[in-house]
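The values are calculated or read from the model by the stated rules, or taken from the named source; none is laboratory data. Given the structure is predicted, the values throughout are model-derived calculations rather than measurements. Here the Cβ positions follow ideal geometry from the backbone for every residue, glycine too, while neighbour counts run over all protein chains shown.
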Amino acid sequence: MGITIEQLAGDGRLGLRIVGGLTGRRRDITWAHTSELLDPTAWLDGGELLMTLGINLPDDAVGQRAYVERLARLGASGLAFDTGMIHPEVPEALAQAGDEFGLPVLAIPAATPFLAISRAVISAITADQVALVAQISRNQERLASAAMVKGAAGVVDTLARALSATVVTLDGSGAAVDSAGAGAGRLAKRAAALLDSRRGKGVPARQQTISHVDDDGYFTVQVLGKPKQAGGYLVVGGRRQLDSNQRLLVSYSATLLSILLDRPAHLHEAEMRLRRMLFRSLLRPGADVDLGLLRYVGFAADREVAVVAVGDAGPPRAAEAAVDAALAARGTPALVMANSKGLAVLVGAAERGEVAEMTLAALRASLGRLPSAGVGRGVELGLALDSYRQAIAAARVALGQPGQIIDFAELSIFDVLLGTQSRDTLAAIAGSVLRPLDPLTSGLSADLLRTTSEFLAHGGHWEATANALGVHRHTLRNRIDRISGILGRDLTIASERAEVWLALKARELLHLTSTEAAGEPDR
């Protein structure tokens, strides 16, 4: 509850002292009530803190003991006795009776009005109720999000954690479907046996709620599905009975599960459209996306996300459905979007490698061939567009390499610039600059091409390049002068070195892809 006897006595503003019944100091106070009746129990329900001036308190110790005993037997949380108006102190017999019956007896100082005590109790109870309602609301939000992201299995797992209980769902015949929590198999058998017994006695299947207790504990069964027939059952079990707030969560979960059970195909398509819309919203520069809505599909604003992209995914809707189904089966929160240019998946950054593999596996089953994928960096949710662009670039580099998953973070700028180009484009870039140095066509020594490569690799540093080639610096300078003349580009100028460097990288990539193509049949 909101406050205990001990906590109330610890409020320095009230000045209360526990003078008897210390063993009951951790009792919860359900309300604060004032009475001067000799026997106020007819007006109490139990759990109240009774405040009194002691106007009608018996003068003798026997009568005072009997007064405390009546309160204790009723289940009052405590007795608060005023010391100032009539009695200068708490009678000794009251304090001793409090010790005897375990009923806390508190001394109220003369300066503390009963109203102050009542306000303290009511404020604590109100705060406790507000917190409880907020917790219920958070749990309902988690259940709704789990239903959208992970389906029925997500609802079952989330409910089990919220209640610290065991939860299973059964189909119409009583066979277990989804489960979470310890002893789920045993609970499913107990519930199925109960349902069989009730059917054998002719009890209608549509009774909404069934509560049962046996040697293994308590469990409750709620019927799922359409009004005229039982499409399944939600079973929640534990060692204790559920309280009213816990039963509220069970009922809410049963509603979600019934919706999922009866969900028509067009509703699923509507959900897919919503997911595409959310994904596209995140990819619009400067878009103001409702992060609260994204929580319902499994994305928290404080967690990084990443994009996985596939360029050769096949027919968009078939690819989207295949990947979405595979990720949903694994319970992985994701947004999937496909069009004629390919497919993209938004996931938590930590899962991007695993999701890339799952995506390729799903598309392989759908397409009958193995595509390739690119993966963007992990970014904040509001920067998903950056990861999307990186994933697209990496996917273009990976295109034509079946089964390859290329992470943008592992690519150099030249990989990104050149890796997306066709072989004809690469040949044109390399040939337009380097053809005059090509030993096969120019008749020149291969040393000139190697010198060019080393000089550029060392950033135009004379000493480092000379050491790498094993030649004198003067020899190197003569070679670079000659190469500059042949190429028509001054290699001592950084911008012209960059152009030649780009051509060299295109030549390397062209050679690499030729080697891989030659080795393709051996895979």
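Per-structure values
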quantity: Flag if Thr158 is under 25 Å from Leu327 (Cβ atoms), under 19 Å from the mean Cα position of the chain (by Cα), in the same structural domain as Gln246 (by TED's automatic domain parsing) and among the β-branched types (Val, Ile, Thr); calculated: yes
quantity: Any hit, segment 414-427, residues being outside any helix (DSSP H, G or I), at pLDDT 80 or above, of a type outside the set (D, E, K, R) and out of contact with any helix residue (DSSP H, G or I) (no Cβ under 9 Å at 6 or more places or on another chain); calculated: no
quantity: Selection status of Thr23, under 26 Å from Ile125 (Cβ atoms) and surrounded by 15 or more Cβ atoms within 10 Å (Cβ to Cβ); calculated: no
quantity: Filter result for Asn467 (assigned to a helix (DSSP H, G or I), polar (S, T, N, Q) and under 57 Å from the mean Cα position of the chain (by Cα)); calculated: yes
quantity: Filter result for the condition that a residue is outside any loop (DSSP other than H, G, I, E, B), among the aliphatic types (A, V, I, L, M) and farther than 13 Å from Ala152 by Cα, over Leu242, Leu234, Leu257, Leu248; calculated: Leu248
quantity: Positions within segment 476-506 being exposed (fewer than 13 other Cβ atoms within 10 Å of the Cβ) and either polar (S, T, N, Q) or not assigned by TED's automatic domain parsing to the domain that holds Thr452 (or both), in sequence order; calculated: Asn478, Ser495
quantity: Residue count for segment 394-410, restricted to those that are of a type in the set (A, V, I, L, M) and buried (at least 21 other Cβ atoms within 10 Å of the Cβ); calculated: 5
quantity: Test: residue in segment 297-307 that is buried (at least 24 other Cβ atoms within 10 Å of the Cβ) and farther than 24 Å from Asp157 by Cα; calculated: yes
quantity: Among the candidates Ala446, Ala464, residue that is more than 30 Å from Ser387 (Cα to Cα) and at pLDDT below 85; calculated: Ala446
quantity: Matching residues in segment 490-523 - criterion: being in a helix (DSSP H, G or I) and modelled with pLDDT under 50; calculated: Thr513, Ser514, Thr515, Glu516, Ala517, Ala518, Glu520, Pro521, Asp522
quantity: Qualifying residue in segment 399-411 (condition: modelled with pLDDT under 85, over 24 Å from Leu282 (Cα atoms) and assigned to a helix (DSSP H, G or I)); calculated: yes
quantity: Segment 83-96, residues that are part of a loop (DSSP other than H, G, I, E, B) and among the charged types (D, E, K, R); calculated: Glu89
quantity: Among the candidates Leu57, Leu14, residue that is over 52 Å from the mean Cα position of the chain (by Cα) and surrounded by 14 or more Cβ atoms within 10 Å (Cβ to Cβ); calculated: Leu57
quantity: Some residue of segment 38-46 being in contact with a Ser or Thr (Cβ under 6 Å, 6 or more places away or on another chain) and closer than 19 Å to Leu115 by Cα; calculated: no
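Each row is one residue, and each column tells you yes or no for (1) outside any helix (DSSP H, G or I); (2) crowded, with 20+ Cβ neighbours inside 10 Å.
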site: Gly98; (1), (2): no, yes
site: Leu103; (1), (2): yes, yes
site: Ile125; (1), (2): no, no
site: Ile136; (1), (2): no, no
site: Leu143; (1), (2): no, yes
site: Asp157; (1), (2): no, no
site: Thr169; (1), (2): yes, yes
